[in-house]
1. Taking interchain pairs and intrachain pairs at least six residues apart, which have beta carbon atoms under 6 angstrom, with the first residue in segment 121-136 and under 16 Å from S224 (Cα atoms) and the second outside any helix (DSSP H, G or I)?
2. Would you call K190 assigned to a helix (DSSP H, G or I), surrounded by fewer than 17 Cβ atoms within 10 Å (Cβ to Cβ) and out of contact with any strand residue (DSSP E or B) (no Cβ under 8 Å at 6 or more places or on another chain)?
3. Taking only segment 206-229 into account, find how many residues are in a helix (DSSP H, G or I) and touching a strand residue (DSSP E or B) at 6+ places or on another chain (Cβ under 7 Å).
4. Does segment 335-347 include one or more residues that are out of contact with any Phe, Trp or Tyr (no Cβ under 9 Å at 6 or more places or on another chain), of a type in the set (V, I, T) and modelled with pLDDT under 95?
5. Can you tell me which residue among L140, L185, L165, L151 is of a type in the set (A, V, I, L, M), crowded, with 20+ Cβ neighbours inside 10 Å and under 30 Å from L309 (Cβ atoms)?
6. Counting only residues that are under 23 Å from the mean Cα position of the chain (by Cα), surrounded by 20 or more Cβ atoms within 10 Å (Cβ to Cβ) and touching a residue at least 40 places away in the same chain (Cβ under 8 Å), give me the strands (runs of 3 or more DSSP E) lying completely in segment 269-365 with at least 2 of them.
7. Determine the pairs where a residue that is aromatic (F, W, Y), located within segment 144-167, has a partner that is at pLDDT below 95 with Cβ atoms under 8 Å apart, the partner being 6 or more residues away or on another chain.
8. Determine if segment 153-170 includes at least one residue that is assigned to a helix (DSSP H, G or I), of a type in the set (D, E, K, R), within 26 Å of R244 (Cβ to Cβ) and touching a strand residue (DSSP E or B) at 6+ places or on another chain (Cβ under 7 Å).
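The values are calculated or read from the model by the stated rules, or taken from the named source; none is laboratory data. Everything quoted here is computed from the prediction, not taken from an experiment. Positions of Cβ are generated from backbone atoms using ideal geometry, with glycine treated the same way; all protein chains shown enter the neighbour counts.
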Amino acid sequence: MYIQSIELSNYRNYRSLVMEFDRGTNILFGDNAQGKTNILESVYLSGTSRSHRTVRDRELIRFGQEEAHIRTNLCRDDLSYRIDIHIRQGRSKGIAVNGMPVKKASELFGLLGIIFFSPEDLNIVKNGPAERRHFINAELSQIDRIYLSDLSNYNKALNQRNSLLREIFNHPEMKETLDVWDEQLIAYGKRIIARRRAFVADMLPIVAKIHRKLSGEREELVISYEPSIDDIFFEDELLRTRDRDMRMGTTNVGPHRDDLKLSIGGVDIRKFGSQGQQRTCALSLKLAEIQIMENKRGEKPVLLLDDVLSELDSNRQNYLLESINDIQTIITCTGLDEFVKNKFSVHRVYEISNGQAFLREKIAN
Ligand SMILES: Nc1ncnc2c1ncn2[C@@H]1O[C@H](COP(=O)(O)OP(=O)(O)OP(=O)(O)O)[C@@H](O)[C@H]1O
Ligand SMILES: [Mg+2]
């Protein structure tokens, strides 16, 4: 599967743009603030219906305009698909596939698999659990439709429960209604826990293999799921911590507090890893994502690398570039030097300047 072209109108800093991609490696280079990440964001949106950096759709509309359009043309099993996303001020976005409106964003599910890799991802091991949960969620949501809807229902129930907890402070009689939200939390939460557990188990050998290679066969990375509470105890624990929840106005146990543990030789890398180790582990996780998505979807995803190469030393750069030679990749960077040095095959090079794209090189693939 690969993206043939995108068309943007009044999207971010693009008035109007048509851009064709090669099915191999595409480079977008240019100075800061010219619109490179914006292009990757529009591709990400076409796959997942959301932006990787904002939940507010109106930010995507070019300043001073009323609406924005993104059209993505892709090819999958020799069939062509067209995804249209229409973003309007003050209204929810419209999505259509091949001209047929899609009611829920989740119906877009499964068409275009995307892996987005930015320099912040290199901090997922070092940073807090929220980012590691986000990593698991972003991946599972693209390979498991039920997970996607369970997660959204869980989050809705959690928000409702938390606002109720705060209201109970002034209206103790409302305590009764907590049961309704607890039930939902437990039902969706148990399924989320089970799916995360299976996902981390599937991922373990893949990550370990990649990490072995990245560390020159020196390190054995072990990842394990660290749930806030095991599914079988969730119900009891939720009841047990109810008083504390009411005092604090928030839900203290549940999958929204889960974590992913990473260790090497029995040492917890989140806390005790060196910076380099933590970044290598993060790279191993991201690269494992590619393989998992391919295993689960039967097709390679499209890889978006936002400014990430300059963050890696040459060994890791080489490894990354080796592992992407048979997958469509769109890479952004500020300069071209690193690619010339690295002698790897690039098929199309665009220079991005002030909301416009200029084709600089096109090599038949
Ligand atoms: N809704 C919008 N309307 C118009 N311009 C916008 C909008 N949102 C963002 N921009 C502009 O887009 C530009 C940033 O684009 P982008 O993040 O893609 O830059 P970049 O080329 O990736 O830069 P860097 O190399 O620093 O990452 C900024 O100048 C910003 O003001
Ligand atoms: Mg950028």
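1. V125/L262; P129/D259; E131/I124; R132/I124; R132/D259; R132/L260; R133/D258; F135/I124
2. No.
3. 3
4. The answer is yes, given that some residue of segment 335-347 is out of contact with any Phe, Trp or Tyr (no Cβ under 9 Å at 6 or more places or on another chain), of a type in the set (V, I, T) and modelled with pLDDT under 95.
5. Values: L185 fails: under 30 Å from L309 (Cβ atoms); L165 fails: under 30 Å from L309 (Cβ atoms); L151 fails: under 30 Å from L309 (Cβ atoms).
Just one listed residue meets the conditions, L140.
6. Fully inside segment 269-365 and qualifying: 302-306, 329-333.
7. Y147/L140; Y147/S141
8. no
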